[in-house]
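First comes the structure, then the notes that go with it.
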Amino acid sequence: MIFEEKTIKLKNGQEAILKSPAVEDAEELLNMVKTACGETDFLVRYPEEWDINVEQERAWIERLNLSESSVAIACYIGGRIAGNCQIDLGIRIKTRHSARVGISILKEYWNLGIGSAMFCELTEIAKSRGIKIIELGVIDGNERAMALYKKNGFCEVCRRPNAFMLKNGEMQTEIYMQKKL
């Protein structure tokens, strides 16, 4: 599904564009995600675990943009991808009331309002499709993300201890959150 281009104003006064990623942006999007995964232990993969190539990323973008149940939004600042998010809408009888979201933003663009703008758009997409509940997972200790999610109406519903293990052996708990629409 395509997200139509929308210009937003960031907290620093700069303008950013939210839109579906284009196939020609595959390499930059892949590099952005790899970089973001290396900037924090709060994302579910390490950079080296993104073992797909640019052609595979292009194919993924094509499939996503043609999908009726998923939408990706990339944030472009000065022509550069600063972050992205995705919503996957439930399509089965028992799950079509819910959607799952994920988000990543490069560290240099944290605290500019990109996450809030993205959640606003994801919520509108969900509402327009009759979704009743938006779900996400966040790693315990990620206070910035937790504040963003709570600000956007998400509440903790359960915890999954030892959901992730870092390279150093440290275990992380996943906090499962929902927002009722």
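Only the coordinates and a few stated rules stand behind these numbers; no lab work does. These numbers come from a predicted model, not from an experiment. No Cβ is skipped: glycine too gets one built from the backbone with ideal geometry, and neighbour counts run over all protein chains shown.
Considering only Val33, Pro47, Ser128, and ranking their Cα positions along the charge dipole of the chain that arises from unit charges at the beta-carbon of Lys, Arg, Asp and Glu, the one farthest toward the positive end is Ser128.
Once both labels are positioned 7 Å from their Cα atoms along Cα-to-Cβ, the gap between Lys6 and Ser67 label points is 1.9 nm.
Placing +1 on the Cβ of every Lys and Arg and -1 on the Cβ of every Asp and Glu, with no other charges, gives the chain a dipole of roughly 1020 debye about its Cα centre.
Which one, (i) 16.0, 44; (ii) 17.3, 57; (iii) 15.5, 48, gives Rg and Dmax of the Cα atoms in Å as derived from the coordinates shown? Answer by label: (i). Where a ≥ b ≥ c are the square roots of the eigenvalues of the C-alpha gyration tensor, would you call region 1-49 rounded, which needs a/c under 1.5, or, failing that, prolate if a/b is larger than b/c, or oblate? Verdict is oblate for region 1-49. Taking label points 7 Å from Cα along the Cα-to-Cβ direction, Lys34 and Tyr46 give a separation of 1.5 nm.
Do the sum for the chain: with -39,500 (n - 2.57) for every DSSP H run of n ≥ 4, divided by all residues, what is the mean residue ellipticity at 222 nm, to the nearest 500 deg cm²/dmol?
-9000 deg cm²/dmol
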